[in-house]
Structure formats: structure tokens, C-alpha cells
Amino acid sequence: MKARYHRKNNMREVAREIFSHFYLFTFSLFLFSCTTENYETGDGDMSYMRADFVMMHTAAAKTVDHFVTDEGETVNLQTQATVSWAEKADTLYRALAYYNNDKAAQKVEVKSLQPVYVLRPRKVEDLETEPKDDPVGLESAWMSSNGQFINLGILLMMGQPEDDKAHHIIGVVLNSETDDTITLTFDHVQGGIPEYYTQRYYVSIPVTETMQGKAVTLRLNTYQGLIEKTFSL
């Protein structure tokens, strides 16, 4: 997985590592899916399982010492977690955390930390490549509980390409902005990837100061046609 990113030095910002616009998805890297396991209530291994969108902090490269959920809860890890894709030390990354949190025993056990890709809207004239609207699947779209992100669950069509340099490109384009409204378009280039099966990805769009108090409409071209989602911020 390759990305161009913009680093922020102020730890009070939503994230120190906010990705600018495009993420290049190669077929062989970071193919994650979200599954739900059935479990019985009680004190079994799954009794305290949670799944939260978080900002996680790396104490060292690929080493996570704590994360903060979108509900504002700080979860400190007694045993630091190793996350191969979090390559920078002392950095905040957006992630989906699956973990057991036994508060009575003050025990936290991380099961999985999966990347959530943060897409910062950019104007067309600022893009390095021509935007496109190749279709995607949309599973869900919602505002984070802390009001700092618009979250999307998207489905990309995947397959083994003949060219190992083939990749998906996704991003968010800022189309128009008034005193009351902002219009965004989800940008997707299939990039020569065959369409054999679907793969789920989660992405987050950071809510900026200029979005506050406005109606933000996000347009996505899906396999079912054009979908518009509007969020009042």
C-alpha cells in the first residue's frame, strides 16, 4: 500500500498523520475484511469483545501503546501491539480496533488493528491525476460520534491483474463550496484491476473548520447508480 501524506506536528489535531488525497491500492497488499463471530454471553474469551474506530498512537515504529476511541475513551495497552503497517514512531493513525476490554480485571487484549484510510478533500486543479468515477459498492456512510470524521464502508472489485503495477486509486474531490453547502465527489479509478470479487475497505473524511455549520453532500457512483449522502455539520 502506498500513500502520499501530510504530517501534522500538533498532537491536539485530530491526527498527526492525515493522508492528503489518493491511496494507491495494489492487489497483493492489505486486503482486509470485517467479519462478525457469533458468541455466547458470559465470561468467555469473546465476552468483552469490542470493535471501535480509533486514533492509535505508535510509541515506536510498528508498535502501538494506546488508542482513543471516537467516543473519547483512552485505551492503554499493558502489552504493546505490533502493527506492521504503522511505520512511523510517535504518530497517530486512524484504525478499526477489535479488542477485548475487561475493565473489572483492567485487562485489554488487542485482536486486530486494521487501517482506516483518511481522505482529505482536494480541488480538481490540485490533483496530480485526472479524477474519475469508476463505480464502487457502498455498504454504509455515517458521522463519527465525535463529529470529526465522515466514515464510509466501501466495496472495491478485486482480482489478479496481469500487470503487477495495476492499482486502485481512491480519493475525495471538492466540487463546490458556498456559505451553506459543500459538495464532494468520491474519486475512484479501477486502474486495470479485474472485477472478480469484492473487498471491503473503511475510509474516513476529516471534518474541517470550513465544513462546520454546513450541509456536506458526498456523491458516489456505485454499481446501483449515483448515491448522494448529505451530512449536516
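The values are calculated or read from the model by the stated rules, or taken from the named source; none is laboratory data. Everything numeric in this text was worked out from a predicted model, so none of it was measured. Reconstructed Cβ throughout: ideal geometry from the backbone, glycine too, with neighbour counts over all protein chains shown. Side chains are part of the model used for accessible areas, which takes the heavy atoms of the whole protein and leaves out ligands, DNA and RNA. Shrake-Rupley method; radii C 1.70, N 1.55, O 1.52, S 1.80 Å.
Just the number, please: Stokes-Einstein D of the range 78-161 in µm²/s, Kirkwood Rh from C-alpha pairs, 10 °C, 1.306 mPa s. Write down the numbers at each step before the final one.
Values: Rh = 16.6 Å.
Taking Rh from Cα pairs, D becomes 95 µm²/s.
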Accessible-area value, I227, 1.4 Å probe, nucleic acids and ligands omitted, Å²: 50 Å²
Per residue, in Å², the accessible surface of the range 79-168 once ligands and nucleic acids are set aside, probe 1.4 Å: 49 Å²
3J(HN,Hα) from dihedral phi, the range 190-200, Karplus parametrisation 6.51/-1.76/1.60, rounded to Hz, x for glycine, proline: 5, x, x, 7, x, 10, 9, 8, 9, 10, 8
Stokes-Einstein diffusion coefficient of the range 84-220, Kirkwood radius over Cα pairs, 10 °C, 1.306 mPa s, in µm²/s: 93 µm²/s
Estimated inter-spin distance, N146 and S232, nm [label 7 Å along Cα→Cβ]: 2.5 nm
Pairwise centroid distance, computed over Cα atoms, of the range 49-98 with the range 118-163, Å: 23 Å
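If you roll a 1.4 Å probe over the heavy atoms of the protein chains, what accessible area per residue do you get for the range 172-233, in Å²? Mind showing how you got there, number by number?
On the way: 3070 Å² over 62 residues.
In whole numbers, the range 172-233 has 50 Å² accessible per residue.
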Heavy-atom accessible surface of the range 149-233: percent carbon and sulfur, 1.4 Å: 46 percent
Theoretical FRET efficiency, 1/(1+(r/R0)^6), r = Cβ-Cβ of V68 and E162, R0 41 Å, to 0.05: 0.45
Karplus 3J(HN,Hα) series, Hz, for the range 66-73 with 6.51 cos²θ - 1.76 cosθ + 1.60 (x for Gly, Pro): 6, 8, 10, 6, 5, 7, x, 8
Antiparallel bridges, percent of DSSP beta bridges restricted to the range 103-233 (to nearest 5): 75 percent
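Please give the length that would be gained between A89 and R50 if that part of the chain were fully extended, namely 0.36 nm times their separation in residues minus their C-alpha to C-alpha distance (nm, one decimal).
Details: separation 39, 0.36 × 39 = 14.04 nm, distance 2.56 nm.
Result for the pair: 11.5 nm of gain on full extension.
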Cut-off under 5 Å, modelled amide H: who pairs with M158 long-range: Y196, Y197, T198, Q199
Within-15-Å neighbourhood charge of A215 [Cβ basis; K, R +1; D, E -1]: -1
Listed pairs K62/K229; K123/K229; K62/K103; K62/K214; K111/K214 exceeding 30 Å between Cα atoms: K62/K229; K62/K214; K111/K214
